[in-house]
2 protein chains.
Amino acid sequence: MSRQELPVLADPSACCVPMVTEALTEDAAAGLARGFKALGDPVRLRLLSLIAARAGGEVCVCELTDAFTLTGPTISHHLKVLREAGLIDCQRRGTWVYYWIVPARLAALSQLLDVSAAAASTGSTR
Amino acid sequence: MSRQELPVLADPSACCVPMVTEALTEDAAAGLARGFKALGDPVRLRLLSLIAARAGGEVCVCELTDAFTLTGPTISHHLKVLREAGLIDCQRRGTWVYYWIVPARLAALSQLLDVSAAAASTGSTR
């Protein structure tokens, strides 16, 4: 199965340093904001969570469309936005397209927002 | 200092369960997507990181405007979006407004994207 690395993953500055530790550079912010923008829609967030909850496996697009009252083309559009933001990848096999998450990209966004180090030293209210 | 809890923080379903563990409900996705949407802009992401990097402290709006080539009203608009999404809070004292992060909200978004449990069991490439 071919799984090409996306450009967003090739940028080491876009990965892994919590913002409570170090302020973002302009370049890093651009790549990371693209990821968050893709997550900033309830349908896309649910689509991603349905794929992610498959415990490291793949999800057929046919299962994803069944989970929503939206049309197939609308679901496909949202999946394309998630894919272009580097959050998921896919492969067509026969009739269907299968999707999976890109853990490194999700981890980078998660780690950026990780406040546990700061929270531990300053208390839980700020 | 008055620091009122924001509605987004009062929703327990909007907090803390990684999406690799459990798919999101429609209601939870709406609240969480609002947070990610606010992060989906490079200027807002840099503003948030400048506030977050102050190690649990506050940042005067005067310092934030100095860090960008944007106008004061543009910076204020972006700060308002971050505040309305529950990511930061603020207080006016004298001439200036002071901003700080809301760690619980950042932690909820971070934990939602945490793939470490799944990554540990399936390897680093997916």
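The values are calculated or read from the model by the stated rules, or taken from the named source; none is laboratory data. In this text the structure is predicted, and so the values were computed from the model without any measurement. Positions of Cβ are generated from backbone atoms using ideal geometry, with glycine treated the same way; all protein chains shown enter the neighbour counts.
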Find the residue count for segment A:61-85, including only residues that are more than 14 Å from residue A:45 (Cα to Cα) and either in contact with a Lys or Arg (Cβ under 7 Å, 6 or more places away or on another chain) or not hydroxyl-bearing (Ser, Thr, Tyr) (or both).
-> 8
Could you list, in sequence order, the residues of segment A:40-61 that are out of contact with any Leu (no Cβ under 7 Å at 6 or more places or on another chain) and either within 16 Å of residue B:21 (Cβ to Cβ) or among the acidic types (Asp, Glu) (or both)?
-> A:41, A:51, A:52, A:53, A:54, A:55, A:56, A:57, A:58
Enumeration of residues in segment B:27-45 that are charged (D, E, K, R) and more than 7 Å from every other protein chain (Cβ to nearest Cβ) | B:27, B:34, B:44
Out of the residues in segment A:4-31 that are touching a Leu at 6+ places or on another chain (Cβ under 9 Å) and either of a type in the set (Val, Ile, Thr) or modelled with pLDDT of 95 or more (or both), state the one that is farthest from residue A:84 (Cα to Cα).
-> A:20
Exactly one of (1) surrounded by fewer than 20 Cβ atoms within 10 Å (Cβ to Cβ); (2) β-branched (Val, Ile, Thr); (3) in a helix (DSSP H, G or I); (4) within 11 Å of chain B (Cβ to nearest Cβ) is unmet by residue A:65. Its number?
-> (4)
Residues of segment B:18-28 satisfying the condition of being surrounded by 19 or more Cβ atoms within 10 Å (Cβ to Cβ) and touching an Asp or Glu at 6+ places or on another chain (Cβ under 9 Å) | B:18, B:19, B:20, B:28
